[in-house]
1. Take the range 42-73 and flag every residue that is out of contact with any helix residue (DSSP H, G or I) (no Cβ under 8 Å at 6 or more places or on another chain), closer than 19 Å to Arg4 by Cβ and at pLDDT below 65.
2. Kindly establish whether Leu21 is surrounded by 13 or more Cβ atoms within 10 Å (Cβ to Cβ), at pLDDT below 80 and of a type in the set (A, V, I, L, M).
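The values are calculated or read from the model by the stated rules, or taken from the named source; none is laboratory data. Predicted model only: the values in this text are computed from it and were never measured. Cβ placement follows ideal geometry from the backbone for every residue including glycine, while neighbour counts extend to all protein chains displayed.
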Amino acid sequence: MTSRDGLIEWIKGLLAGPFVLHAAKTNGVSVTDELKINADAKRRYAEIFLDIERLIDDQSKLLLTLGSLLRLSVFLKSTANY
């Protein structure tokens, strides 16, 4: 597995939580409640992608200054040179 594959799998794992917990439709839920559930799931996805973007930006900045001491590599070892 390449470091890129590991990063993609890590991101998919982060997105699984909101998908399973908040995007599932339930019988008996009103249209208003369903809209709230969907809006909450979209908000959570946006937060996750923003956090991922910040980690990657942080890694890029650190690559320029610190070399191998990468914050992202703490979370996922295979992305150290991504």
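1. Correct list: Ser68 only.
2. Details: surrounded by 13 or more Cβ atoms within 10 Å (Cβ to Cβ): no; at pLDDT below 80: yes; of a type in the set (A, V, I, L, M): yes.
No.
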